[in-house]
Amino acid sequence: MFKSLVLAVASIVVFMLAPAFAEQQHHEQMVCSSVGMQEAMADVEAMQEGEKKTQAMSHLKMAEEAMAKHDMEGCMNHMQAAKDAMKQ
């Protein structure tokens, strides 16, 4: 009986935490697409004004330019740099 109760509680906890983990994974993995760019831009716009925000905006602009040229490697590099600037 006790084993079943512990298993039930553990299952509930896992189901409650799964959406939060999925959301975290989503934000950690930026994607070079128009949707990914919009999500990243919204994150940067929510930042306080300052050097970090300026750096992130600059990298997003370069990522957008690379994406327009179908340079996905360059786009991903700049998206990663923007993400890094947001974390600092």
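Have a look at ALA85, ALA10, ALA22, ALA63 and point out the one that is at pLDDT 95 or above and open to solvent by less than 90 Å² (accessible area, probe 1.4 Å). It would help to see each step written out before you state the result.
Numbers: ALA85 fails: at pLDDT 95 or above; ALA10 fails: at pLDDT 95 or above; ALA22 fails: at pLDDT 95 or above.
From the options ALA85, ALA10, ALA22, ALA63, the qualifying one is ALA63.
Checking HIS70 against (1) under 12 Å from the mean Cα position of the chain (by Cα); (2) not in a helix (DSSP H, G or I), which single condition isn't satisfied?
(1)
The values are calculated or read from the model by the stated rules, or taken from the named source; none is laboratory data. All values derive from a computational prediction rather than experimental measurement. These area figures cover heavy atoms from the full protein model, side chains too; ligands, DNA and RNA do not enter into them. Shrake-Rupley method; radii C 1.70, N 1.55, O 1.52, S 1.80 Å.
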